[in-house]
Amino acid sequence: MAKRRPSGDGMVRKRDDGRWEGRIVVGHKENGESIFRYIYADTQKELTAKLHQNIDAYRGVELTEQSRMSLSKWLDKWLDERMVGTIRSHTLEGYRRDINNHVNPYLGQKQLSKITPSDLNDLYTFLLEHGRIAKGKSNHPGLSPTTVHGIHTILHHALKTAEAEGLLPDNPAGQVMPPKVSNKSKRILNNEQLDALMTAIRKDTLWHDFFYTELTIGLRRGELCGLKWEDFDSKAGTLKICRTIRSGKGGTLEAGDTKTYAGKRTILLPSSTAQLLEARKHFALTEWVFPDFLHPERPMNPGTAYRQLKKILTEAGLPSIRFHDLRHTFATHALAGGVDAKTLSGILGHTKASFTLDTYAHVTGDMQRHAAKVVGDFISDII
């Protein structure tokens, strides 16, 4: 076995071409041989400065031989061996698609341990301006900041794992600012519009129960379509949220896990909603609470529900909101009505109450102003 040299050990020499070369030990192979990082400069002074920077960067780092693999090989390994089983298959497919379309053509062949923050910045700039690479050149429009931000999130996670496993001295993505994402303003139905929508769905006997349930508990569309009667406890008046329905390949529907671990939850239903479901259960012919009308052995298709919402909104003369905005409408009115953020977070399936507060800051701001006025009036009365 080769003599093991300590990490950080290095050497400097002048090359035949007049340039200066330095190298430091950054790790070891399984047989004990050193893994070197080479640094080059035009002058000895410049090389010395670079060498000190690298020694500082690699101090305490012990890279393994696998750090020499390409970025694309690591990302495949990360997806197949680290992420499978930890995220939904639909999400995993999205990660793989973004990596194959946008990351690998630009940076995939570069050695993992040599990926720098500058490389990632260049990648993001290219994607924003030109989009994906096709056959060695870009002929696509630039990607949106939201998409590029998502790619950054994937890379940050993958490179952080590489750092933890001794393949990188640090996570270069941690030193990069991704594009800012402008949050789309939520479309919330006000009290008058909500009353108009409730009036409209009362006239629709087929869809009334579906939309009434949504407006009173604010589920995600796939969660609502994925409800089974086994999830409903009529005595306790509770509903378990434990699956979601999404579109699969070839127009099929797939039942999968909820969006987050906090998405699996049991919520206490409003009495009117519990009574509605209990009455509906007496006529149920299938395991699904809201089955497909033509094929009751299947759950309701989320796409069908979206199209029906648009139809109802148009006929009622209401704004053309997204289905998810029904969830925002529920949450906004719940907060304004006095439901605390912690309780609402549990109903919505958010991981943290702080996320709920951030998401509905437009409501909590009004609540804080109201609270300030109440406190001010109270103190004034005492004084």
Taking the stated definitions as given, is L51 outside any strand (DSSP E or B), closer than 20 Å to Q111 by Cβ and at pLDDT 85 or above? no
Just for the stretch 208-243: of the residues that are free of Cβ contacts under 8 Å to residues at least 24 places away in the same chain and touching a Lys or Arg at 6+ places or on another chain (Cβ under 9 Å), which one is surrounded by the fewest Cβ atoms within 10 Å (Cβ to Cβ)? D233
Count of the stretch 250-284 residues which are under 15 Å from G222 (Cβ atoms) and at pLDDT 85 or above: 6
On the basis of being surrounded by 14 or more Cβ atoms within 10 Å (Cβ to Cβ), in the same structural domain as G218 (by TED's automatic domain parsing), over 21 Å from T199 (Cβ atoms) and polar (S, T, N, Q), does S354 make the cut? no
How many residues of the stretch 289-343 are in a loop (DSSP other than H, G, I, E, B) and in contact (Cβ under 8 Å) with a residue 60 or more places away in the chain? The answer is 12
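Picking from R280, R187, which residue would you name as being of a type in the set (K, R), over 28 Å from I87 (Cβ atoms), outside any helix (DSSP H, G or I) and out of contact with any strand residue (DSSP E or B) (no Cβ under 8 Å at 6 or more places or on another chain)?
On inspection, the qualifying residue turns out to be R187.
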Within the stretch 101-128, track down each residue that is surrounded by 15 or more Cβ atoms within 10 Å (Cβ to Cβ) and in a strand (DSSP E or B). none
Some residue of the stretch 164-185 being more than 24 Å from R97 (Cβ to Cβ), at pLDDT below 90, among the polar types (S, T, N, Q) and not assigned by TED's automatic domain parsing to the domain that holds K310: yes
Determine whether T205 is at pLDDT 90 or above, in a helix (DSSP H, G or I), of a type outside the set (A, V, I, L, M) and under 30 Å from S272 (Cβ atoms). no
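The values are calculated or read from the model by the stated rules, or taken from the named source; none is laboratory data. Quantities reported herein were computed from a predicted structural model and do not represent experimental measurements. Cβ atoms come from the backbone with ideal geometry, glycine included; neighbour counts cover every protein chain shown.
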